[in-house]
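**Q** Got a structure for you, questions after.
The values are calculated or read from the model by the stated rules, or taken from the named source; none is laboratory data. No experiment lies behind these values; they were computed from the predicted model shown. Glycine gets a Cβ as well: all are built from the backbone with ideal geometry, and neighbour counts include every protein chain shown.
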Amino acid sequence: MNDKLKLAQKPAEDALRLHPFYRGKIEVSVKCRVKSLQDFAVWYSPGVAAPCKAISLDKKLVYEYTNKGNFVAVVSDGSRVLGLGDIGPEAALPVMEGKALLFKYLGGVDAFPICVDTKAPDKFVEFVKMLQPSFGGINLEDIASPKCFYILERLRAECNIPVWHDDQQGTATVVLAGLINALRYVRKELKDVKIAVIGAGAANVCITNLIIAAGADPGNICVVDSRGILNRQRAAVLKGQNPQKYQLALKTNAQNRQGGIAEAMQGSDVVIALSQPGPGVIKPEWIKKMAPDPICFFCANPTPEMWPWEAKEAGAAIVATGRSDFSNQINNSICFPGIFRGVLDVQATAITDEMCLAAAYTIAAVGAEGGIYPEQLLPTMDNPDVFIRQAVSVGLKAMELGVARLSCTKEELEAKAAEAITRAQRTTQLLMEEGIILPAPY
């Protein structure tokens, strides 16, 4: 086993050691002062009855008297967890806890992991709808396709708080941001490039639609599912099976290409793969037949479709994966904390494609400010500015679109985001310094 492969396997080994040591990654912490037992008369009975009565007369006051406006539910049924498939709600919990950790540390958002023991879409929808009184937003996670489209569509239409599916909208946002800067580096225009999209699940359907909204020519895009390239011949069958794929079959692939991954990649400038875990899903010889200076995004989790060093050897100009231990991470974690920060700070009622575009352009802009390099397209998660600026751009876009309950200036949004994120990160540092969070047993 070579050194690079050993390094790639280390996070999994550490995870098996450290998860049982900490027994998870998040806990509930006290936010208000408690100097003596007398304070409980204010925070609980009898004092708490006063804000309860006020809210009963005006439900909007729940945002002022409680933390609802900073609560997000991270909800999954465990039917498509990372690249592991349908492993069930209990096995999904470590991922949802990890999501809640990133929400808090990177965005100052109080997120709760909720794994639901049902595979029935309608039951799932009704459960999420019943959570609305307690939460300011809903993050759907790791739900199998195609039911995830139905669930998201219904919840967006029937909920009065923002609902977003991170595997669709989050992945699409960060892929677009990475693509913007990759194209800047190789000096190509989005409207001109040919793109091969490998995989036609929830993520890639949304990615394809978002990059088209950003200016890509749909005719220059080939989408490949497990049966081959989507084209006109397959559209009639897909119409009754999968409406999302049907629409893509109609508007993409103007040349009506047929075949599989190799044929879709031939002559393409870009390949975006979110299909099945590799390595070996993408072959070196397929990269060699792409256009000059090919851009390769291999984002399957937990193992990319092809190891990045193999793609570079095959001639890729830029390679990105979804992993934090490789350079050029294309991962939702760089966007969802900032997007939700902005959404919550204006009490938005929805998260639209326009808001996702605003976030993608902001991420790309922050990344470009330090220079764009083949090994670093986007800012890393240790840069709080990328989350603060996303919060501002998303909050402003929500107000522009008329889906915000609050009106804030740019300066107010920036101050809100900076305070929430700084507080979360400083609290974590203090807990570690005081030994309340124990050092890892290395």
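**Q** For a quick check of your reading of the model, give me the residue pairs whose first member lies in the stretch 195-212 and is in contact (Cβ under 8 Å) with a residue 12 or more places away in the chain and on the phi > 0 side of the Ramachandran plot, whose second is in a loop (DSSP other than H, G, I, E, B) and of a type outside the set (A, V, I, L, M, F, W, C), with beta-carbon atoms closer than 7 Å and at least 6 apart or on different chains.
**A** Once the first residue is in contact (Cβ under 8 Å) with a residue 12 or more places away in the chain and on the phi > 0 side of the Ramachandran plot and sits in the stretch 195-212, its partners that are in a loop (DSSP other than H, G, I, E, B) and of a type outside the set (A, V, I, L, M, F, W, C) give Gly199/Ser275.
**Q** Taking the stretch 324-339 as the search range and keeping residues that are assigned to a loop (DSSP other than H, G, I, E, B) and touching a Gly at 6+ places or on another chain (Cβ under 6 Å), which one is surrounded by the most Cβ atoms within 10 Å (Cβ to Cβ)?
**A** Cys335
**Q** One residue is enough: does the stretch 288-298 have a residue meeting the conditions under 26 Å from the mean Cα position of the chain (by Cα) and either over 21 Å from Cys222 (Cα atoms) or surrounded by fewer than 24 Cβ atoms within 10 Å (Cβ to Cβ) (or both)?
**A** no
**Q** Another question about this same structure. Can you tell me which residues in the stretch 172-200 are part of a helix (DSSP H, G or I) and more than 22 Å from the chain's Cα centre (by Cα)?
**A** Result: Arg184, Tyr185, Val186.
**Q** If you go through the stretch 26-69 one residue at a time, how many are acidic (Asp, Glu) and assigned to a loop (DSSP other than H, G, I, E, B)?
**A** 2
**Q** What do you reckon, is Asn139 under 15 Å from the mean Cα position of the chain (by Cα), under 30 Å from Lys59 (Cα atoms) and of a type in the set (S, T, N, Q)?
**A** Yes, satisfied.
**Q** I've got another one for you. Looking at (1) surrounded by fewer than 16 Cβ atoms within 10 Å (Cβ to Cβ); (2) more than 17 Å from Ile421 (Cα to Cα); (3) in contact with a helix residue (DSSP H, G or I) (Cβ under 9 Å, 6 or more places away or on another chain), can you tell me which one Ala348 breaks?
**A** Exception for Ala348: condition (1).
**Q** Inside the stretch 201-242, can you point out the residues that are of a type in the set (A, V, I, L, M, F, W, C), more than 17 Å from the chain's Cα centre (by Cα) and closer than 16 Å to Val175 by Cα?
**A** Result: Ile212, Ala213, Ala214, Ala216, Ile221, Val223.
**Q** Among Ala50, Ala73, Ala54, which is within 13 Å of Pro133 (Cβ to Cβ) and either among the small types (Gly, Ala, Ser) or touching an Asp or Glu at 6+ places or on another chain (Cβ under 8 Å) (or both)?
**A** Of Ala50, Ala73, Ala54, the one residue that is within 13 Å of Pro133 (Cβ to Cβ) and either among the small types (Gly, Ala, Ser) or touching an Asp or Glu at 6+ places or on another chain (Cβ under 8 Å) (or both) is Ala73.
**Q** In addition: Run down Ala291, Ala254, Ala273 and say which single residue is out of contact with any His (no Cβ under 9 Å at 6 or more places or on another chain) and closer than 18 Å to Val175 by Cα.
**A** Ala273
**Q** Check off (1) assigned to a helix (DSSP H, G or I); (2) modelled with pLDDT under 95; (3) under 28 Å from Ala348 (Cα atoms); (4) not polar (S, T, N, Q) for Ala15 and give me the number that stays unchecked.
**A** (3)
**Q** Can Ala12 be described as in contact with a Leu (Cβ under 9 Å, 6 or more places away or on another chain), surrounded by fewer than 18 Cβ atoms within 10 Å (Cβ to Cβ) and not basic (Lys, Arg)?
**A** So Ala12 fails the test.
**Q** Further, regarding this structure: Can you say whether Glu27 is modelled with pLDDT under 95, loosely packed, with under 12 Cβ neighbours inside 10 Å and in the same structural domain as Ala111 (by TED's automatic domain parsing), as far as the supplied structure shows?
**A** yes
**Q** I would also like to ask the following. All but one of (1) surrounded by fewer than 18 Cβ atoms within 10 Å (Cβ to Cβ); (2) under 19 Å from Ser324 (Cβ atoms); (3) among the hydrophobic types (A, V, I, L, M, F, W, C) hold for Phe387; state the number of the condition that does not hold.
**A** (1)
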